[in-house]
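Written below as structure tokens is the structure these notes are about.
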Amino acid sequence: MVNITELKFDAAGLIPAIVQDADTRVVLMQGYMNRESLVETERSGKVCFFSRSRQRLWTKGEESGHFLRVKEVLVDCDRDSLLVKVNPVGPTCHTGQDTCWGEKNVNKDFLFYLQRYLEKRKDESPEISYTARLIGKGINKVAQKVGEEAVELVIEAKDDNEELFLNEAADLMYHYIVLLIAKGYGLEDVVRVLEGRHGKDKS
């Protein structure tokens, strides 16, 4: 994950670690790590700090269950601070708020927010969730719905009814996101492919 021998710890053997949601890119909190907590973070896959107040290793969420599951750890150019990208399990702050700065941990891009919402809905009862009910019918049914909504959008595109056209576009987008989720992917995977194509086009 990180070459500890190349890091610049302070006189107390600590290095600041900024924690960021890997999906929303919202900064969640800041803590401090030492060599041992970095090793534990890599071993467990959960963010482990060195608590200056407790003077011991402290895995975030060990009391609350609100763990920070590590996706990536980056080192800054001076090698004296860390950026830890995570998938948080529940709110990060001990006050119950999403972040230690009182901000909401939501992607400013509504489509990513919607995707996270639908990912939660898929695990709910099919009796109360259309998303769960649709995914429960299997990938073929989800794909079929995407095809049906695409055809309906094409039909509306031939007319000049703005409301109907945009509503069909929204229906297609919803079912497209559900299809991605059902396949185990997300919008970020599609964005990565598009960014790769864009980079090739510019070269």
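The values are calculated or read from the model by the stated rules, or taken from the named source; none is laboratory data. Here the structure is a predicted model, which means the values were calculated and not measured. With ligands, DNA and RNA removed, areas are computed over all heavy atoms of the protein, side chains included. Shrake-Rupley method; radii C 1.70, N 1.55, O 1.52, S 1.80 Å.
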For the range 152-163, just list the computed ³J(HN,Hα) in residue order, Karplus coefficients 6.51, -1.76 and 1.60, θ = phi - 60°, integers in Hz, with x standing in for Gly and Pro. 5, 5, 4, 4, 5, 5, 7, 9, 10, 8, 4, 4
Whose amide H sits under 5 Å from the amide H of Thr59, counting only residues 5 or more places off or on another chain, with H placed in the peptide plane? Phe49
Leaving out ligands and nucleic acids, and using a 1.4 Å probe, what accessible area per residue does the chain come to in Å²? 62 Å²
Answer label for Cα extents along the principal axes in Å (calculated), chosen among (1) 83, 47, 32; (2) 45, 39, 37; (3) 70, 49, 30: (3)
Would you pull out the residues with amide H under 5 Å of Leu28's amide H, same chain only if 5 or more places away, H placed 1.01 Å from N? Val19, Gln20, Asp21
Ignoring everything but the protein chains, give the 1.4 Å probe accessible area of Met173 in square angstrom, nearest 10. 70 Å²
Which of rounded, prolate or oblate describes the range 110-199 when judged by the alpha-carbon gyration tensor and an a/c cut-off of 1.5? oblate
